[in-house]
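Trainee: Here it is, the structure, as structure tokens.
The values are calculated or read from the model by the stated rules, or taken from the named source; none is laboratory data. This structure is a prediction, so every number in the text was calculated from the model and none was measured. Neighbour counts run over all protein chains shown; Cβ positions are idealised from the backbone, glycine included. The accessibility values were calculated without ligands, DNA or RNA, using every heavy atom of the protein model including side chains. Shrake-Rupley method; radii C 1.70, N 1.55, O 1.52, S 1.80 Å.
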Amino acid sequence: MTTNPRPNVVAISPLQIDADLIGTAARALRDGQLVAFPTETVYGLGCNALDEAAIAKVFAAKGRPSSDPLIVHVDGLEMAESVIEGPLPPAAKALADAFWPGPLTMILRRGEAVPLAVTSGLDSVAVRCPSHPVAAALIHGAGIPITAPSANRFNHISPTSAQHVIADLGHVCDIIIDSGRTDHGLESTVVTLDGADVTVLRHGAITVEQLASVEGIRIADDGTSVDSPASPGHEKRHYSPRTPTVAVRGNSIDFASTPGLELGAATSVIYAGYSDREPELPSAWRFESLGSLASVEAVGHDLYFELRRIDALAATAIVVELTGTPGLGRAIDDRLTRAAGSTIASTSAELAKVIAEATATHD
């Protein structure tokens, strides 16, 4: 794969779409090039979803295993039906009417036009219709479905700005569209359907409660017992800082009176929690806020931005606190859990052990 020492970054305002710049990026996609662009969730690394050579470049650029399927982005129902088998099922149509364009991905039967490389060999394909004006204009201008996993190295923290894309993949993108920070800051919700029964495979910007409010839809599984390879982002370690990270549940550990957590001046531990329930920490630890749980939407919007900022502080270890809240809090907790490699310390002894191991690795 060729690399670009100086990434081609173009600014396109979502409030005033530049048709010429969109046209240039759309042609690049049709020609098999890689274009990073904003969606309402995170920035995606886009390519022609029907071009196997371009798809291979996406996997190589991200260092993404071929076992992790990609989402196909479309500009509406007609394009969606061009990549699936038959018309949209009634339940999928109901969800599309309620949430498209928007951050909802549906797993549907794969149409013959979609290469198996996109779906990791599965007979199902993940489809969504983004609502970001720039993404919508780009897909429409290209006239083809676009696959666009997050524009970062595999397993790293997802990008919510063009600067994040440049830091991770600037050297391999043919074009990077800069439209400022993304709206939601968390990936789309991923669901699969069996008739009217909906199973949540990945929590995201659309909550279980919102899905359940759609007439005729039943929530068969709210995601508590599902970890499906059909869904992108299903790995136990994902969305991760480079700094060793462990998760804790709020108020589950009494830091102030717990021995074993003061590990010496050489150990730098950052506790990433919430401004409205800041714990009393060991003296050598440092508190960094992920926001206030009084505004969980703002926490979700800023989550990846804050995790990247905290990661750059070069601590020995990061302790992230789960929100323990319903709704969007479940998506936030999913990302924090996977950022910690699915390691949740429930006792002070477990936490001290993880931090000690991180310190040994750091040394």
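Trainee: May I ask you to derive the FRET efficiency for E278 and T347 from their Cβ-Cβ distance with R0 = 30 Å, giving the value to the nearest 0.05?
Mentor: 0.90
Trainee: Would you pull out the residues with amide H under 5 Å of R202's amide H, same chain only if 5 or more places away, H placed 1.01 Å from N?
Mentor: For R202, whose amide H was placed from the backbone, the distant partners under 5 Å are V190.
Trainee: How big is the Rg/Rh ratio for the range 5-131, C-alpha atoms only, Rh by Kirkwood, two decimals?
Mentor: Over the Cα atoms of the range 5-131, Rg/Rh equals 0.97.
Trainee: Could I get the Rg over Rh figure for the chain? Both from C-alpha atoms, Rh via Kirkwood, rounded to two places.
Mentor: Numbers: Rg = 20.7 Å, Rh = 21.0 Å.
My calculation puts Rg/Rh at 0.99.
Trainee: Let me ask another. Based solely on C-alpha atoms, express the radius of gyration and the Dmax of the range 91-225 in angstrom.
Mentor: Answer for the range 91-225, Rg first and Dmax second: 15.8, 47 Å.
Trainee: For a quick check: with amide H placed at 1.01 Å from N, whose amide H comes under 5 Å from S150's, ignoring anything fewer than 5 positions away on the same chain?
Mentor: Long-range HN contacts for S150: L45.
Trainee: How large is the accessible surface of K353 in square angstrom, using a 1.4 angstrom probe and rounding to the nearest 10?
Mentor: 120
Trainee: Just to verify a number: FRET efficiency for A312 and E215, C-beta to C-beta distance, R0 = 45 Å, to 0.05? Please report the intermediate quantities before stating the final value.
Mentor: Details: r = 46 Å, r/R0 = 1.03.
About 0.45, to the nearest 0.05.
Trainee: Still on this structure, I have one more. Could you name the lysines whose alpha carbon sits less than 28 Å from that of K62, not counting residues in the same chain fewer than 8 places away?
Mentor: Qualifying lysines at Cα under 28 Å: K236.
Trainee: Let me ask something additional. Rounded to the nearest 10 degrees, what's the angle between the helix 90-99 long axis and the longest principal axis of the chain, both from Cα atoms, 0 to 90?
Mentor: Long axis of 90-99 versus the principal axis of the chain: about 70 degrees.
Trainee: By how many degrees, 0 to 90 and rounded to 10, does the Cα axis of helix 296-311 deviate from the longest principal axis of the chain?
Mentor: With both axes taken from Cα atoms, the answer is about 70 degrees.
Trainee: Considering every pair of different Cα atoms, what Kirkwood radius, in Å, is found for the range 86-160?
Mentor: 14.0
Trainee: Something else: Sorted by packing (mean other beta-carbon atoms within 10 Å per residue), highest first, where do 19-26, 94-101 land?
Mentor: So the order, starting with the most tightly packed, is 94-101, 19-26.
Trainee: For H156, list long-range residues whose amide hydrogen, built 1.01 Å from N in the peptide plane, is under 5 Å from its own amide hydrogen.
Mentor: Answer set, sorted by chain and number: Y239, S240.
Trainee: Efficiency by 1/(1 + (r/R0)^6): what FRET value for V9 and E85, r their Cβ-Cβ distance, R0 = 51 Å, to the nearest 0.05?
Mentor: On the way: r = 39 Å, r/R0 = 0.76.
That gives a FRET efficiency of 0.85.
Trainee: Determine the calculated [θ] at 222 nm for the chain from helices alone, applying -39500 (n - 2.57) to every DSSP H run no shorter than 4 residues and normalising by the residue count; nearest 500 deg cm²/dmol.
Mentor: Computed ellipticity for the chain at 222 nm equals -9000 deg cm²/dmol.
Trainee: Please return the longest stretch of the chain lacking exposed loop sites, where GluC sites (Glu not before Pro) count only if DSSP places them in a loop and at most 12 other Cβ atoms lie within 10 Å.
Mentor: By the stated rule (loop sites, at most 12 other Cβ atoms within 10 Å), 1-111.
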